[in-house]
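First comes the structure, then the notes that go with it.
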Amino acid sequence: MFVIFGAAGNVGRASAAALRQAGHPVRAVVRQARQAEPLTRLGCEIAVADLTDPVTVARALDGAQAVQMLCPVPRSASQPAQAMRHMIDVAAGALLMNPPPRVVALSDYGAELCGGTGITELFHDLESRFAPLGTRLCLLRSAEHMHNWARVMPVALATGVLPSLHDPLGKQFPCVAAQDVGRLAAALLCEAFPSTTGAGPRVLSVEGPERVSALDVARVLGEVAGREIVARAVPREQWAATLAQAGLSEQHARLIGDLFDAHNAGRIDVEPGVGQCRRGTTTLAQAFAAIVPRVMAAMSHR
């Protein structure tokens, strides 16, 4: 049984679909039963589990031959870092108590750094807690997800100005489509992991076919939406207010602000000399072509 945590999300749903298409049995783990319907259509077994509840997590892992683990940053939590660290502890405890043969844990570019990276520091904690799984574990570090730009698309589409925390605007950075991460994770779950005694986890990084800048993002968004859009670097003192307008809590906005400080200082990238870097095939234009109609539809119903 292939067990996918976070199966209702963009990455998890792509993983579940790829595994089912290949004929594998999939247990799709969701937090709420109402998220199950599209996964049921794929032919998945459904498990409802809460990553804060060790009992439901252990139950979801029962009989797993391969597990894809996602510990998301909880947007609704008043203390998102504390909440995510608790989820990491629960997940690590359950996996170490009954280790499956293969675990792919979704991580982040820069997770090797131990401080000053905001959200990415939480993935450093995840990698540290999961490390005792040894060669059973593959850490899949993902570049910035292209769909994260959906947070500011309503502003950009309404005003013609794309606010960017990437600064300078011409600086290129890695990004990747969520479905490419999901498909790669599914492929890794099907691989035979190394069995070298005493070896640590395998580390892989994944990003899209090419690196982009905020200027590229604005240009592509404008092309997809059919209107002119220009990028504007948001002054550092306005980041919190901009992120609040995108619906993020104060603490979540602080984590993102610290992450972009690290990004803009050039600290977030593939770890040199560690693992391999895989390339997805989805371009920014292809990703936005799927996202923009949904954003515009949501705007029209407000």
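Structure values in brief
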{"quantity": "Student exercise, the chain dipole from Lys, Arg, Asp, Glu Cβ charges, in Debye to nearest 20", "calculated": "660"}
{"quantity": "Carbon + sulfur, % of accessible area of the chain - ligands and nucleic acids excluded, 1.4 Å", "calculated": "53"}
{"quantity": "Residues with amide H under 5 Å from that of residue 162, placed H, sequence gap 5 or more", "calculated": "230, 231, 232"}
{"quantity": "Ranked order, 277, 71 - accessible area, probe 1.4 Å, largest first", "calculated": "277, 71"}
{"quantity": "Relative contact order (percent, whole number), the chain, Cα cutoff 8 Å, 6+ residue spacing", "calculated": "19"}
{"quantity": "The chain, accessible area per residue, ligands and nucleic acids excluded (1.4 Å, Å²)", "calculated": "44"}
{"quantity": "Folded to 0 to 90 degrees: helix 214-225 orientation relative to the chain principal axis, Cα", "calculated": "80"}
{"quantity": "24, 263, ranked by accessible area, largest first (probe 1.4 Å)", "calculated": "24, 263"}
{"quantity": "Mean residue ellipticity (222 nm) of the chain, computed from DSSP H runs ≥ 4 via -39,500 (n - 2.57), nearest 500", "calculated": "-12500 deg cm²/dmol"}
{"quantity": "Cα-based helix-to-principal-axis angle, 284-300 vs the chain, degrees rounded to 10", "calculated": "70"}
{"quantity": "Alpha carbon convex hull of the chain, volume per residue in cubic angstrom", "calculated": "130"}
{"quantity": "Mean separation of Cα contacts under 8 Å (6+ apart) over length of the range 98-254, as relative contact order %", "calculated": "27"}
{"quantity": "Whether the range 1-159 is rounded, prolate or oblate, judged on the alpha carbon gyration tensor where a/c under 1.5 counts as rounded", "calculated": "oblate"}
{"quantity": "Cα shape, the range 212-302, gyration tensor, a/c 1.5 rule", "calculated": "oblate"}
{"quantity": "Three-way shape call for the range 47-133 based on the alpha-carbon gyration tensor, with the a/c threshold at 1.5", "calculated": "oblate"}
{"quantity": "Using θ = phi - 60° and Karplus 6.51 cos²θ - 1.76 cosθ + 1.60, couplings along the range 64-81 (whole Hz; Gly, Pro as x)", "calculated": "6, 9, 8, 10, 9, 10, 10, 10, x, 6, x, 4, 8, 6, 5, 10, x, 5"}
{"quantity": "Cα-based helix-to-principal-axis angle, 119-130 vs the chain, degrees rounded to 10", "calculated": "10"}
{"quantity": "Dipole magnitude of the range 80-223 about its Cα centre (Cβ charges: Lys, Arg +1; Asp, Glu -1), debye to nearest 20", "calculated": "280"}
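The values are calculated or read from the model by the stated rules, or taken from the named source; none is laboratory data. Fair warning: this is a prediction, and the values are worked out from it, not measured in the lab. Virtual Cβ from ideal backbone geometry, glycine too; neighbours counted across all protein chains shown. Side chains included, ligands, DNA and RNA excluded: accessible areas come from the protein's heavy atoms. Shrake-Rupley method; radii C 1.70, N 1.55, O 1.52, S 1.80 Å.
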